[in-house]
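First up is the structure itself, then whatever we jot down about it.
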Amino acid sequence: MATFAFQVNGANSTVTIDDPTTPLLFVLQENFQLNGPRFGCGLSQCGACTVLLDGQPIRSCVTAVSSVDGHSVTSLEGLRALDGLPDPSALHPIQQAFVTEQALQCGYCASGPILYGYAFVRDNPGASRADIQQAITGDLICRCGTNTRMINAIVRYASEGKQ
């Protein structure tokens, strides 16, 4: 048994786990009842399991819970709090951009494109559509075929959504 302390969506948390190599994804789902990050491939390829670790996107399906000890983890559910936005029941502006652009059909992969898009725009203010497309394309694996709409949503967020 090992105990790890880290923040989850802004709240200080402690978990005791039998195996310290347990994927963070499973801990977030089972111990914190978060359904934003999802299991897709288990190989760090699809992005459905994406969360932010200290503000940077990672694949939680291949990240051991032991590696986040002392760090901050943010899922889709905590995005508004990360930016200090009021009304936790409302959508974050990037989430609203995805809704406006009808960029998610089933929503299963939402964590990947939303969190990668959020981090890219935050770290690259004023990025062009071409910059966004080049940076994000490898992180958009959507079987529903809405990749172009996802790019449109990130561009919309970059241009108007950061209120």
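If you scan region 123-163, which residues turn out to be within 16 Å of the chain's Cα centre (by Cα) and surrounded by fewer than 15 Cβ atoms within 10 Å (Cβ to Cβ)? Outline the logic, then answer.
Taking region 123-163 and keeping what is within 16 Å of the chain's Cα centre (by Cα), we get 123, 135-142, 150-151, 153-154, 157.
Across region 123-163, the qualifying residues are Asp123, Thr137, Gly138.
Only one of these conditions is not met by Leu53: (1) within 15 Å of the chain's Cα centre (by Cα); (2) without any contact (Cβ under 8 Å) to a residue 12 or more places away in the chain. Which number is it?
The one condition Leu53 does not meet is (2).
Which ones in region 61-85 are aliphatic (A, V, I, L, M), touching a residue at least 60 places away in the same chain (Cβ under 8 Å) and either surrounded by fewer than 23 Cβ atoms within 10 Å (Cβ to Cβ) or part of a strand (DSSP E or B) (or both)?
As a first pass, look at region 61-85 and keep what is aliphatic (A, V, I, L, M): 62, 64-65, 68, 73, 76, 79, 81-82, 85.
With the extra rule that they be touching a residue at least 60 places away in the same chain (Cβ under 8 Å), the set shrinks to 65, 68, 73, 81-82.
If the condition is that a residue be aliphatic (A, V, I, L, M), touching a residue at least 60 places away in the same chain (Cβ under 8 Å) and either surrounded by fewer than 23 Cβ atoms within 10 Å (Cβ to Cβ) or part of a strand (DSSP E or B) (or both), then Val73, Ala81, Leu82 are the ones that fit.
Say whether the condition of being modelled with pLDDT under 95 and under 24 Å from Leu28 (Cα atoms) is met by at least one residue in region 47-70.
In the first step, residues of region 47-70 are kept if they are modelled with pLDDT under 95; the result is 47-48.
Okay, now just the ones that are also under 24 Å from Leu28 (Cα atoms), so 47-48.
Yes, region 47-70 contains a residue that is modelled with pLDDT under 95 and under 24 Å from Leu28 (Cα atoms).
Would you list the helices (runs of 4 or more DSSP H) that sit entirely within region 109-163 and hold 2 or more residues that are of a type in the set (Val, Ile, Thr) and modelled with pLDDT of 95 or more?
Hits in region 109-163: 111-123, 147-156.
Search region 93-122 for residues being hydrophobic (A, V, I, L, M, F, W, C), surrounded by fewer than 21 Cβ atoms within 10 Å (Cβ to Cβ) and closer than 16 Å to Ser75 by Cα, and hand back the single one that is farthest from the chain's Cα centre (by Cα). Don't jump to the end; show me each part of the working.
Pass one, region 93-122, residues hydrophobic (A, V, I, L, M, F, W, C): 94, 97-99, 103-104, 106, 109-110, 114-115, 119-121.
Checking which are surrounded by fewer than 21 Cβ atoms within 10 Å (Cβ to Cβ) leaves us with 99, 104, 106, 119-120.
From what is left, the residues that are closer than 16 Å to Ser75 by Cα are 119-120.
On the way: Ala119: 9, Phe120: 12 Å.
Ranking the candidates gives Phe120 first.
The values are calculated or read from the model by the stated rules, or taken from the named source; none is laboratory data. Here the structure is a predicted model, which means the values were calculated and not measured. We place every Cβ from the backbone using ideal geometry, glycine too, and count neighbours over all the protein chains shown.
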